[in-house]
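See structure below.
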Amino acid sequence: MNSGADIENAPAALTLVGCGRMGGALLQIWLEAFAQTRFHVIEPAGLPAAFQNNKNVTHAAGATAQIRGSDIIVLAVKPQIMASACAALKPHLDVTTLVLSIAAGQSLENFSKMLGAEQPVIRAMPNTPAAIGKGMTVAVAGKNVTAAGRKTAHALLMQTGAVHWAEDESLLDAVTALSGSGPAYVFYLIEVLASAGAKAGLEPGMAMALARQTVIGAAALAEQAPQTQAATLRENVTSPGGTTAAALEILMNGELEDLFARALAAAKKRGAALNS
Ligand SMILES: NC(=O)c1ccc[n+]([C@@H]2O[C@H](COP(=O)([O-])OP(=O)(O)OC[C@H]3O[C@@H](n4cnc5c(N)ncnc54)[C@H](OP(=O)(O)O)[C@@H]3O)[C@@H](O)[C@H]2O)c1
């Protein structure tokens, strides 16, 4: 995952605001990837025990002048407290310092209001597998972001999985509906498969174990063949007239496609409402 370019573009100093589930997972990944980077963590609840003896990590309960030395500020607080976190940062923030937000539903326009119109801000939408380096992040750069700033953010985000840059911020509602919320759809697929397996006669615990490992195995196969279309992977395991074909004849009658289209449309609509 880590390339020479990522190390070259890594920041010398990074401030992380919020070290909860997502912030903590990111810090763990970045500490492993970038041995030369100094990390300053702002977290009122204290520095999590896992980082307390790390010589590359300093901590403060609130924003202080110490953030001035950072090349990038990463915002990983809940969207609801973003306004107060930004208000506390602003007096100490250099107007050219890059800010990277991973908060859902906080638009670039909101950041422009909270931090000032000059501040370079990147808005990223990761998903939960980012915590284990298997995420899908879509990022949008605000108008003040330099090419070097974009490379720094890319180097950081690449450590959490795949990264796609979008030019149009309005796409983020659809992104949230697909990759942001997507892991939950796959977990639900496991539940549905297990329940169908139990109806087909398997003991429920065994059905769940089979469903879970099947999704893990299929995802790993897809990961190993990034150039192969999903349809080809499916066809590779479907013999004409066989058992898989019999099941797919029912699954591919259009109902599932319609159901997912409706589900993503509902998630997108909800995301747009939360953003407004
Ligand atoms: N979790 C995910 O899967 C996921 C995925 C994509 C994006 N995100 C985004 O990531 C962000 C963080 O989510 P999370 O699940 O990691 O939330 P979380 O576990 O609640 O972490 C947020 C942390 O920020 C701390 N905090 C509160 N006020 C602060 C302040 N003024 N300055 C600095 N830190 C402060 C909180 O401390 P207290 O607990 O003491 O309040 C908490 O430890 C959210 O904006 C979310 O939209 C999360």
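Nothing in this text is a laboratory measurement; each read-out follows from the coordinates by a stated rule. A quick note: this is a predicted structure, and the numbers were derived from the prediction, not measured. With ideal geometry, Cβ positions are generated from the backbone for all residues, glycine too; neighbour counts draw on all protein chains shown.
Structure data summary
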item	result
Environment charge of VAL140, counting only residues whose C-beta is closer than 9 Å and scoring Lys/Arg +1, Asp/Glu -1	-2
Size-normalised alpha-carbon gyration radius of the chain, reference 2.2 N^0.38 Å	1.15
Considering only the chain, percent of DSSP beta bridges that pair antiparallel, nearest 5	15
Extension gain from GLU191 to ASP258, taking 0.36 nm per residue of separation minus the Cα-Cα distance	22.1 nm
Segment 1-51: relative contact order as a whole-number percent, Cα under 8 Å and 6+ apart	45
Protection proxy ranking of 187-193, 124-130, 249-255 - average other beta-carbon atoms within 10 Å, highest first	124-130, 187-193, 249-255
